[in-house]
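The values are calculated or read from the model by the stated rules, or taken from the named source; none is laboratory data. These numbers were taken from a predicted model, which means no experiment stands behind them. Every residue, glycine as well, gets a Cβ built from its backbone with ideal geometry; the counts of neighbours run over all protein chains shown. Please note that ligands, DNA and RNA were not included when accessible areas were found on the heavy atoms of the full protein model with its side chains. Shrake-Rupley method; radii C 1.70, N 1.55, O 1.52, S 1.80 Å.
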Amino acid sequence: MSFAKILLQGFVPKDPEIKDISGTPLSVFTLGVERERANEDGSRDVDWYNVEAWGKNAERVSKGLKKGSSIVLTGRPTTDNWTD
């Protein structure tokens with residue numbers, strides 16, 4: 001069995017939200033990751049990732065992360081498909 005794993009280093013632009021989904025904690029937050037290469041003017045573009053943490057990890061996130069926190073994140077990437 002194989003699966004993808006992702007490693008991101010970035011910052012949290014606002015406090016994470018904590019929710020209760022059928023008795024299971026869910027923490028939702030955005031992670032900003034600066035691109036490695038600078039633009040011609042020296043600025044760096046930022047990629048934004050929506051992150052979900054469930055269960056004990058959600059509790060840790062809600063207690064440990066605040067606006068401006070820098071973190072290294074490992075996890076499994078997923079994508080959502082939507083149909084109009």
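Would you work out the Kirkwood radius for the range 30-79? I mean one over the mean of 1/r across all pairs of different Cα atoms, in Å. Walk me through the numbers before you get to the answer.
Details: mean 1/r = 0.0776 Å⁻¹.
Evaluated on the range 30-79, it is 12.9 Å.
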Determine how large the accessible area of ARG35 is when every protein chain is in place; take a 1.4 Å probe and give Å² rounded to the nearest 10. 120 Å²
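Count charges around VAL33 for me, please; just the other residues with Cβ under 12 Å from its Cβ, Lys/Arg as +1, Asp/Glu as -1. Walk me through the numbers on the way to the answer.
Numbers: positive: ARG35, ARG44; negative: GLU34, GLU36, ASP45, ASP47.
Around VAL33, the surrounding residues sum to -2.
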What angle do you read, to the nearest 10 degrees and between 0 and 90, between the alpha-carbon axis of helix 55-64 and the longest principal axis of the chain? 50 degrees
Counting only protein heavy atoms and using a 1.4 Å probe, what share of the accessible area of the chain belongs to carbon plus sulfur, as a whole percent? 47 percent
Separation of the ASN81 and ASP47 label points, Cα + 7 Å toward Cβ, nm: 2.2 nm
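Given a 1.4 Å probe, how much area per residue of the chain is accessible, in Å²? Kindly include the intermediate steps, with their values, before the conclusion.
Values: 6990 Å² over 84 residues.
In whole numbers, the chain has 83 Å² accessible per residue.
Taking square-rooted eigenvalues a ≥ b ≥ c of the alpha carbon gyration tensor, is the chain rounded, prolate or oblate, where a/c under 1.5 means rounded and, failing that, a/b exceeding b/c means prolate? If you can, show how the numbers build up before the last one.
Values: a/c = 1.92, a/b = 1.44, b/c = 1.33.
Verdict is prolate for the chain.
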